[in-house]
1. Based on other C-beta atoms within 10 Å, arrange Phe60, Phe125, Phe25, Phe36 from fewest to most.
2. Go ahead and run the numbers for FRET between Asp51 and Ser96, Cβ-Cβ distance against an R0 of 22 Å, rounding to 0.05.
3. Going by how many other Cβ atoms sit within 10 Å of their own, how do Thr121, Thr8, Thr27, Thr21 line up, fewest first?
4. Can you run the Rg to Rh ratio on segment 51-92? Use alpha carbon positions and the Kirkwood inverse-distance Rh.
5. Between Thr8 and Val31, take the C-beta separation as r, use R0 = 25 Å, and let me know the FRET efficiency to the nearest 0.05.
6. Report the rotationally averaged projected area of segment 80-126 based on its alpha-carbon convex hull, in square nanometres.
7. Over segment 3-148, what is the mean sequence separation of C-alpha contacts under 8 Å (at least six apart), divided by residue count, expressed as relative contact order in percent?
8. Could you give the C-alpha radius of gyration of segment 65-152 expressed as a fraction of 2.2 N^0.38 Å, taking N as the number of residues it contains?
Amino acid sequence: MKFIIEYTGKAENRKLVYNATERSFDTKPLVQEVNFDVVVNGLNLSVVDEDRKIIQVWGFCGVNKKMESKYEVPQCGKGLLKVVDDLESGLAYKISKQDLPVCIDSQNGWICVGNPEKEDTAVEFMNNCIAVINDDNELVSLWLKPELSTKL
């Protein structure tokens, strides 16, 4: 699956929340009507409109202290993360057959789904949500800094 980044100076103004009891992420406010979802592990990245931009993150992804690691959050600008592929509306599409690794830095609150060491092109597409894509326009990692509704 291919992605592109458009730097606009603005990210989606939504709040990402993590509920440790449910092991789930939610976006507030959540948009109910979307075209399709791109799935990373158990996380849905919802796509809307003809521009195919990702506007929210929600779904299940358990994190715990055993996943603790220290990595630098990638430098990035704010903008849009868009899906290039022509995908049918009403469905969900997994980007990888296997789950990507997950690591957390509980001191700064960031969670990385994917490869935290890759330093490719990054964009903050929603408040505290950063996507990193490589030269082949593939998603390398997803960095999330949610508000916690319960403790880890």
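Each reported figure results from applying straightforward, stated rules to the coordinates on display, with no laboratory input. Please read all numbers here as calculations on a predicted model, not as lab measurements. All Cβ positions, glycine included, derive from the backbone under ideal geometry; neighbour counts span all protein chains shown.
1. On the way: Phe60 13, Phe125 28, Phe25 23, Phe36 19.
Taking fewest neighbouring Cβ atoms as first place, the list is Phe60, Phe36, Phe25, Phe125.
2. 0.40
3. By the 10 Å Cβ count, ascending: Thr21, Thr8, Thr121, Thr27.
4. Numbers: Rg = 15.3 Å, Rh = 14.3 Å.
Reported Rg/Rh, Kirkwood definition of Rh: 1.07.
5. The formula returns an efficiency of 0.85 here.
6. 5.0 nm²
7. Details: 353 pairs, mean separation 42.7, N = 146.
It rounds to 29 percent for segment 3-148.
8. For segment 65-152, the normalised Cα radius of gyration is 1.15.
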